[in-house]
1. Scan segment 1-12 and report the pairs whose first residue is open to solvent by less than 70 Å² (accessible area, probe 1.4 Å) and whose second residue is among the polar types (S, T, N, Q) and not in a strand (DSSP E or B), with Cβ atoms within less than 8 Å and a gap of 6+ or a chain change.
2. Do we find a residue being modelled with pLDDT of 95 or more, aromatic (F, W, Y), open to solvent by 100 Å² or more (accessible area, probe 1.4 Å) and more than 10 Å from the chain's Cα centre (by Cα) anywhere in segment 17-33?
3. Which residues, taken from the chain, are out of contact with any helix residue (DSSP H, G or I) (no Cβ under 8 Å at 6 or more places or on another chain) and of a type in the set (A, V, I, L, M)?
4. What are the pairs, 6+ residues apart or on separate chains, where a residue within segment 17-45 that is without any contact (Cβ under 8 Å) to a residue 12 or more places away in the chain and part of a helix (DSSP H, G or I) has its Cβ under 8 Å from a residue that is open to solvent by 100 Å² or more (accessible area, probe 1.4 Å) and among the basic types (K, R)?
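The values are calculated or read from the model by the stated rules, or taken from the named source; none is laboratory data. Predicted, not measured: the structure shown is a model, and the values here were computed from it. As a convention, Cβ positions derive from the backbone with ideal geometry for all residues, glycine included, and neighbour counts pool all protein chains shown. For the accessible areas, the whole protein counts, side chains as well, though only heavy atoms, and no ligand, DNA or RNA atoms are used. Shrake-Rupley method; radii C 1.70, N 1.55, O 1.52, S 1.80 Å.
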Amino acid sequence: MEKDNVIHFVCEEDKRKIYQITDLGLDVLQTELKRIERLYKIIQEEL
C-alpha cells in the first residue's frame, strides 16, 4: 500500500511501524466504502 501511495511511513515505536493514510488513501477508502454500501443495498433488496 505504501508503493501505491495510499499510506506513508511515519515512525517506528517499540518495534511497531506507524503509518498514516494519505489523501489518495482516503479517496480510495471512500470509494470502496460506497461500493460496499451499494452491494449491501442490493443484497438487502434481494432478501
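1. If the second residue must be among the polar types (S, T, N, Q) and not in a strand (DSSP E or B), the pairs left are V6/T22; I7/T22.
2. No, segment 17-33 contains no residue that is modelled with pLDDT of 95 or more, aromatic (F, W, Y), open to solvent by 100 Å² or more (accessible area, probe 1.4 Å) and more than 10 Å from the chain's Cα centre (by Cα).
3. V10, I18, L24, L26, V28, L29, L33, I36, L39, I42, I43, L47
4. Filtered contacts from segment 17-45: no entries.
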